[in-house]
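Take this structure, written in structure tokens, and hold onto it; I'll ask about it next.
The values are calculated or read from the model by the stated rules, or taken from the named source; none is laboratory data. All values derive from a computational prediction rather than experimental measurement. Every residue, glycine among them, receives a Cβ derived from its backbone with ideal geometry; neighbour counts consider all protein chains shown.
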Amino acid sequence: MESMKVVFILLLLHLIQYLNASNIIKTEYGEIEGFKYLMKNGKNANIFLGIPYASPPIEDLRLEKPQPPKLWNSTLEAKKFGSRCSPHNAEIVQWFGAHSEDCLYLNIFAPEISETSKTHPVAVWIHGGGFCFGDSEIYGYKQLAENFVSRGIIIVTLQYRLGPFGFFSLGDHNLPGNLGLWDQRQALLFLHKVLPAFGGDKERITVWGHSAGGTSASLLSASPHTRGFKKS
């Protein structure tokens, strides 16, 4: 009898640990399960990695403007970073490792949600790399959580098509180019729909970045195709 009690207690502790570690958010696209990261201030950050913000830009969608993601029927496990976007040449591949054309993913790092918590401002970070290389995994999640989430800010990192897949152009309507920028716009559209579920304020989004990411932020702020967004 005592051994049964011990087994029951161990199972109960395991269940509590699982519930504390997992984190499921409901969005209009389906459920997303991330995990929690305990920050130095003693609070948890909700971490969601590799969320598809567009349909994979492959086959018929290759060299086309991004399309919204399809709904997922089962819970999306968002616990690892999505594939890196293919860089513009083979030499860079040796530096950054595996890559894929199916790479339109973003990551969301947010404070814990409670019934009394207010909505949080959102910072969307776009990586640099001269529009030729780069990815969101390089930033990890721990430092972003410590520097932003601990201060009540939701931080988002994203990936976009690079090199010829993202910026090749024929200079006409058949292939006008700048697909990487259209990817970024699609990411913002996706975020506007899902951010409330993460406790984010879609009216307080700041887009910024490093190098080509900073240039992207400037171009997005001036583009007529982002007029529906509150720009900062």
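Conditions (1) within 20 Å of the chain's Cα centre (by Cα); (2) under 19 Å from G134 (Cα atoms); (3) of a type outside the set (D, E, K, R), marked per residue:
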position: L170; (1), (2), (3): no, no, yes
position: G180; (1), (2), (3): yes, yes, yes
position: Q186; (1), (2), (3): yes, yes, yes
position: K193; (1), (2), (3): yes, no, no
position: A197; (1), (2), (3): yes, no, yes
position: V207; (1), (2), (3): yes, yes, yes
position: S216; (1), (2), (3): yes, yes, yes
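While we're here: Return only the number of the condition from (1) within 17 Å of T215 (Cβ to Cβ); (2) surrounded by fewer than 22 Cβ atoms within 10 Å (Cβ to Cβ); (3) β-branched (V, I, T) that T119 does not satisfy.
(1)
Take the residues of the stretch 21-31 that are free of Cβ contacts under 8 Å to residues at least 60 places away in the same chain and either among the aliphatic types (A, V, I, L, M) or assigned to a loop (DSSP other than H, G, I, E, B) (or both): which is farthest from L191 (Cα to Cα)?
Across the stretch 21-31, the extreme among qualifying residues is A21.
Also, quick follow-up: E101 - would you say it is acidic (D, E) and surrounded by fewer than 20 Cβ atoms within 10 Å (Cβ to Cβ)?
It is true that E101 is acidic (D, E) and surrounded by fewer than 20 Cβ atoms within 10 Å (Cβ to Cβ).
Let me ask another. Do we find that F96 is farther than 18 Å from L191 by Cβ and either touching a strand residue (DSSP E or B) at 6+ places or on another chain (Cβ under 9 Å) or at pLDDT below 95 (or both) in this structure?
In short, yes.
Now a separate question. In the stretch 44-62, what count of residues is obtained for those that are exposed (fewer than 15 other Cβ atoms within 10 Å of the Cβ) and in contact (Cβ under 8 Å) with a residue 12 or more places away in the chain?
2
While we're here: For the stretch 36-64, name all the residues that are more than 14 Å from the chain's Cα centre (by Cα) and not in a loop (DSSP other than H, G, I, E, B).
Once the filter is applied, which keeps residues that are more than 14 Å from the chain's Cα centre (by Cα) and not in a loop (DSSP other than H, G, I, E, B), the stretch 36-64 yields K36, Y37, L38, N44, A45, E59, D60, L61.
Oh, and also: Does W125 qualify as being surrounded by fewer than 16 Cβ atoms within 10 Å (Cβ to Cβ) and part of a strand (DSSP E or B)?
No.
Now for a different question. For the stretch 115-126, state whether one or more residues are at pLDDT 90 or above and of a type in the set (K, R).
Among the residues of the stretch 115-126, not one is at pLDDT 90 or above and of a type in the set (K, R), which makes the answer no.
Regarding the stretch 160-167, can at least one residue be identified that is within 20 Å of T27 (Cβ to Cβ) and either of a type in the set (G, A, S) or touching a Phe, Trp or Tyr at 6+ places or on another chain (Cβ under 8 Å) (or both)?
no
Moving on to the next point. Do we have I113 as surrounded by fewer than 24 Cβ atoms within 10 Å (Cβ to Cβ), touching a helix residue (DSSP H, G or I) at 6+ places or on another chain (Cβ under 9 Å) and free of Cβ contacts under 8 Å to residues at least 12 places away in the same chain here?
When the stated conditions are applied, I113 does not pass them.
Tell me, which helices (runs of 4 or more DSSP H) lie completely within the stretch 131-232 with 2 or more residues that are buried (at least 18 other Cβ atoms within 10 Å of the Cβ) and in contact with a Pro (Cβ under 9 Å, 6 or more places away or on another chain)?
Once the helices (runs of 4 or more DSSP H) in the stretch 131-232 are filtered for at least 2 residues that are buried (at least 18 other Cβ atoms within 10 Å of the Cβ) and in contact with a Pro (Cβ under 9 Å, 6 or more places away or on another chain), what remains is 163-167, 179-194.
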